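**Q** Handing you a structure now.
Values quoted throughout were computed directly from the atomic coordinates according to the rules given, and no laboratory measurement underlies them. Remember, predicted model here, so these are calculated numbers, not experimental data. Virtual Cβ from ideal backbone geometry, glycine too; neighbours counted across all protein chains shown.
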Amino acid sequence: MEERFARHYVLKEIGEEGQKKLLSSKVLLVGAGGLGSAAALYLAAAGVGTLGIADPDEVELANLQRQIIHDTERLGKNKALSAKESILKLNPEIHVNAYPFRLTTENISKMIEEYDFILDCVDSFGSKFLINDACVLARKPFCHAGVVRFSGQVMTYAPGRGPCLRCMLGNVPQKGEYPLCKTAGVLGAAVGVIGCLQAAEAIKYLVGAGELLTGRVFRIDLLSMRSSTASFEKADPDCPVCGKEGFSLKEHREEYGE
Amino acid sequence: MVKINGELLPLEGKKLTDYLKEHHFSVSLIAVEVNGSILPKSSYDDFRFSEGDVVEIVSFVGGG
């Protein structure tokens, strides 16, 4: 055990104490695509004790340019199950819950309940808002990310520590209003960078190290190699999810694309 | 002067929506913060920059 995490032990921000926290922590990844591939592998390697991974889709050939948790032999296999296999190869000492189905307004609240931190690794804004709204209602911290072409953004939400995604964007951007990886393309390494940042946010939260991207949006463009961090310190007091009472997931089904 | 994403610009009196159009921002994919508070989307149309405003604009992408 000590040997596997030796490089964590020498980090004063993690150390033996932090490693113990990681081993007893539970992180849920929603989506085992490009972001989820990178994030899940690094969280598994870091010794996060329980990883949940949810994805209803099957591995396709066009996924393998960036979704490095899967491989050619897994074509046609459910992504959550494929991810579980890879995770356990990397670190057989952790526990993995594979959820080979879609998270919806019906099941998401129950699913996130047992986890300490959630990662938004999904591709549509509908699903991103479902994760946001469910996590805000359950007072669960999560890390949002999006990536297309060569650039993406990362933002972390924790209760009482800054705005949620709905504060920031208001309504859910609809399909057709934003470019998709499928039609606009995406660099595999760009998704990897962003997914790794999500893993780092989760680890920092779990061990209580450093500064999270709460109240801040980090953006990076790999084509120009420019990055920026925009501060949005205060939540919107009129936000229907984090600012007011009585928000119902089920009433927003259509927005989530259900 | 108005500070947008750290850059000082002579935009006082100008409309936010004109600035967004000129810079090809898609309203549904951005968040705007003015002097430390998020500007609700419903206020975009009427908003004009004032001298000394500190503005942050960030755009989001989907995909994962």
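**Q** Percent relative contact order of chain A, based on C-alpha pairs within less than 8 angstrom and at least six residues apart?
**A** Relative CO of chain A lands at 21 percent.
**Q** For a bin width of 10 Å, list the pair-distance distribution of the stretch A:100-158 built from all Cα-Cα distances, rounded to whole %.
**A** 22, 57, 19, 2
**Q** Once you have the Cα-Cα distance between A:Asn107 and A:Leu90, take 0.36 nm times their residue separation minus that, and quote the gain in nm to one decimal.
**A** Between A:Asn107 and A:Leu90, full extension yields 3.2 nm more.
**Q** Separate question: Which value, in Å³ per residue, describes the convex hull spanned by the Cα atoms of the protein assembly as shown?
**A** 134
**Q** Which order do peptides A:100-110, A:198-208 fall in by mean Cβ count within 10 Å, highest first?
**A** Result, highest mean first: A:198-208, A:100-110.
**Q** Tell me the relative contact order for chain B as a rounded percent, counting alpha carbon contacts under 8 Å between residues six or more apart.
**A** Taking the mean separation of contacting Cα pairs over the length of chain B, I get 47 percent.
**Q** If you don't mind, another one. How many partner chain Cβ atoms sit within 10 Å of a residue's Cβ in peptide B:53-59, on average, as a whole number?
**A** 4
**Q** What does the charge count near A:Cys181 come to, summing +1 for each Lys or Arg and -1 for each Asp or Glu among other residues with Cβ under 14 Å from its Cβ?
**A** It works out to a net charge of +2.
**Q** Taking only pairs that are 8 or more places apart or on different chains, how many Lys pairs in the stretch A:1-130 have Cα atoms under 15 angstrom apart?
**A** Within the stretch A:1-130, the lysine pair count is 4.
**Q** Please compute, over every Cα-Cα pair in the stretch B:2-59, the percentage with a separation greater than 15 angstrom.
**A** It works out to 41 percent of all Cα pairs.
**Q** Considering only C-alpha atoms, what is the centroid distance from the stretch A:189-230 to the stretch A:42-112, in Å?
**A** Answer, in whole Å: 21.
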